[in-house]
Amino acid sequence: MRLRLLPLLMAAATLAAADPRPVTFEDLMALHRVSDPQPSPDGRWIAYVVTDVDRAENRTNSDVWLVPTTGGEPRQLTRSPRHDRHPRWSPDNRFLVFESNRDGTFQLYIMPVAGGEPHRLTGIATEANAPVWSPDGKQVAFVSAVFPEFSAFPFAESDRQNKERQETRDKGKVKARVIDHLLYRHWDSWVDGRRQHLFVIPVADGQAAGTPRDLTPGDRDAVPTSTTFEAGDEFAFSPDGGELVHTASPAPAREEAWNTNHDLYAINLATGERRQITRNPAADGLPRYSPDGRWLAYRAQARPGFEADRWQLYVLDRRNGETRSLTAGLDSSVEGLAWADPTTLVIEAEDQGTKRLYSVSVPGGALNPLTSGGVSGEASVSAARREVVFTRSLLNAPAELERVALDGGPAALVTHHNAARLAQLALPAPESVTVKGAGGTPVQMWVLKPPGFDPTRRYPLVFWVHGGPQGAFSDSWSYRWNAELWAAQGYVIALPNPRGSTGFGQRFTDEISRDWGGRVYEDLMAGLSWLEAQPWIDRQHMAAAGASYGGYMMNWFQGHTDKFRTLVTHCGVYDFNTMYGATEELWFDEWEHGIPWENPDFDRWSPHRQAAKFRTPNLIIHNELDFRVPVHQGLSLFTTLQRQGVPSRLLYFPDEGHWVLKPQNSELWHRTIFEWLATYLK
């Protein structure tokens, strides 16, 4: 292994000998994006995904790779110019199944690990995603978005009807839609009356041995449609292969837009019978059977309608039907979970601006931290090696694969995809500071100084506010809002975690609801005051920037402070009243602000009410396909600023949603922001 790594390490050392330089947008696009580690059942290998940017084609390309679990030279398994992703091992270690759009639409493909080309497993008209093997290797389950009115027909008939319906829509001259109930569009896509159903397809020796079977016919989603309620594959086979459990979306359908009551259902694969397992009025999800089949682990919330409520880890004893929480004493949300053995689970949870892995004992619920620092996630257990394989990133380092023993100890780096390029770059480490926020409550903040920082100089400041608002700035790498790239422009970057931030206790998270411009604003101003007191901050040249809720706060800043020379608002909420009527997930607005005709203070914290005070130059970015914060929010803000003669600019993307994802669009996004900031800060 050392001999195989030697050329890479020598190259990195040679590059490091030269003076490192600040990171550029070109560097950001050239870095390999490592994700989704899957250890083989025998523990010898890890399959994973590497995504690269194709700037010329204005898209990304994902491929499946393989690396020895103990580290060493990785091997690229797929080479299609499109997306090959979501690899999953067959129980006998011989095959990998994955999803790919190499032929235009997403289908499932199987490839022999020992060598050979992938071959297509499915050809379903409504596409296939998220494959999972049954424990005996005789079936693969997957998700497909179908028209539910055809779902009770035999597969050949339903597939034909689905294909004809979709082709009629695609080729028709009339593009009108007839809509009967809410949640008719989501994030950046129209639902168009389709439902996410679970299918299984029989497999023998790596080949399809029959046609797919729809396990969840009817007008209901079998897996969550909102990413808020997803934390991995939201379905799993029982160890004996006789049952499949899944997370069903809320019912009835007309309430989906304001209801968060996801429940677990089990399907008898022999009879097709479905039964409801959980009846918690809030959200349940991420079901996983223990290896011996005795326990069903899952995560659950307690408060209906609140998407940011604490997720606890529960286990259901399948012998007597009793359930209990294993993380009642953990004041943080469980994000991912995986069984290590019949009495041990591994979970992921945020912790003070980081995300850690823990092992949890089923008998006693004892938590044992496995990692610290950075953001660890996508944990998958290698039972054969008694290890956890995961990804970890830092604010100054993109994700790579690591592994750690289940009984603790130091983590070991497995992959080094970005080592050579990172050796060329000056990527300062962030500093964590804590200030007293509203009511004296501690508020954590990351501070990133520019490369070549000189404490005797004064630097312009860019003050970020994160989205959510129930989210956090973590010690993790981002390919969209990358703090290192912004700092490389010569700015100090501040990343505060005020009220509403996750990972600092549920009460801290709760204290932003119906108080969007209150304590959180005080927390932010406390962080800004700390920065202003530092001798290396140029108080005359400060800017603020944020997206989603962070964009909202830019609009709130407009009416409440003159400390910033300029503001950058990306897809930010501006007018609560028009936002409520056009957004898709109403449960969010109703928890955060109430219902407009029931709450007389519904728009108390709405920035538009202070529009007469707007004076700060403002760059506004908004996207046509943003159905979460619809585009009229940004257009209304821009109109207001223009009408009042406030220097302002609108950057509009017709082909992006809540985020800017296409590489050439991202390049324009960065260039526009950096040019705008330079006008006011340099």
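Applying 1/(1 + (r/R0)^6) with R0 = 35 Å to the Cβ-Cβ distance of S325 and R275, what FRET efficiency is obtained, to the nearest 0.05?
0.95
Specify, per residue and in Å³, the volume enclosed by the convex hull of the alpha carbon atoms belonging to the range 124-245.
Looking at the range 124-245, the number lands at 121 Å³ per residue.
Counting only protein heavy atoms, what percent of the accessible surface of the chain is carbon or sulfur at a 1.4 Å probe?
The computed percentage sits at 50.
In nanometres, what is the gap between the two model label sites at D562 and D54, each 7 Å from Cα along Cα-to-Cβ?
About 5.3 nm, to one decimal.
If the viscosity is 1.306 mPa s and the temperature 10 °C, what translational diffusion coefficient in µm²/s does Stokes-Einstein give for the range 130-181 when Rh comes from Kirkwood over Cα pairs?
117
For the chain, how big is the tail of P(r) above 47 Å, as a whole percent of Cα pairs?
16
I'm checking a number: the convex hull volume of the Cα atoms of the range 173-258, normalised per residue, in Å³. What is it?
Per residue, the Cα convex hull of the range 173-258 comes to 163 Å³.
With viscosity set to 0.890 mPa s at 25 °C, what whole-number translational diffusion coefficient in µm²/s follows for the range 424-506 from Stokes-Einstein and a Kirkwood radius over Cα pairs?
It comes out at roughly 179 µm²/s.
What do you get for Rg/Rh of the range 26-142 when both radii come from the Cα atoms and Rh is the Kirkwood radius?
0.97
Find the percent of Cα-Cα distances in the range 267-372 that exceed 22 Å, and round it to a whole number.
I get 31 percent for the Cα pairs in the range 267-372 exceeding 22 Å.
Hey, could you grab the Kirkwood Rh for the range 603-645? Inverse mean 1/r over distinct alpha carbon pairs, Å, one decimal.
Here the Kirkwood hydrodynamic radius works out to 11.3 Å.
Quick check for you: with a 1.4 Å probe and neighbouring chains kept, what is the accessible area per residue of the range 75-212, in Å²?
Per-residue accessible area for the range 75-212 comes out at 50 Å².
Add -39500 (n - 2.57) for each DSSP H run of 4 or more in the chain, then divide by its residues: what number comes out at 222 nm, to the nearest 500 deg cm²/dmol?
For the chain, the value works out to -5500 deg cm²/dmol.
How large are Rg and Dmax for the range 203-334 when only the alpha carbon atoms are used, in Å?
15.4, 48
When only alpha-carbon atoms count, how far does the range 536-682 stretch along each of its three principal axes, as whole angstroms with the largest first?
Taking the Cα atoms of the range 536-682, the three principal extents are 48, 34, 32 Å.
Looking at the calculated P(r) for the range 107-146, what percent of the C-alpha pair distances fall above 13 Å?
Value for the range 107-146: 57 percent of Cα pairs lie more than 13 Å apart.
With viscosity set to 1.567 mPa s and temperature to 4 °C, compute the Stokes-Einstein D of the range 206-251, Rh being the Kirkwood radius across alpha carbon pairs; µm²/s, no decimals.
Estimated diffusion coefficient is 103 µm²/s.
Just the Cα atoms of the range 244-313, one point each, no solvent: what log10 I(q)/I(0) does Debye give at q = 0.17 Å⁻¹?
Log10 I(q)/I(0), no solvent term: -0.64.
If you take the alpha carbon radius of gyration of the range 385-481 and divide it by 2.2 N^0.38 Å, what ratio comes out, to two decimals?
1.37
Taking a ≥ b ≥ c as the square roots of the eigenvalues of the Cα gyration tensor of the range 221-276, is the shape rounded (a/c under 1.5), prolate (a/b larger than b/c) or oblate?
oblate
From a point 7 Å beyond the Cα of N93 in the direction of its Cβ, which residues of the range 383-401 have a backbone N at a distance under 20 Å?
383-390
Jot down the per residue volume, in cubic angstrom and as a whole number, of the convex hull over the alpha-carbon atoms of the range 331-382.
For the range 331-382, the hull spanned by Cα atoms encloses 71 Å³ per residue.
Can you give me the accessible area per residue for the range 392-499, using a 1.4 Å probe, in Å²?
Counting only protein heavy atoms, the per-residue value for the range 392-499 is 33 Å².
The values are calculated or read from the model by the stated rules, or taken from the named source; none is laboratory data. Model, not experiment: these values are computed from the prediction. Every residue, glycine as well, gets a Cβ built from its backbone with ideal geometry; the counts of neighbours run over all protein chains shown. Please note that ligands, DNA and RNA were not included when accessible areas were found on the heavy atoms of the full protein model with its side chains. Shrake-Rupley method; radii C 1.70, N 1.55, O 1.52, S 1.80 Å.
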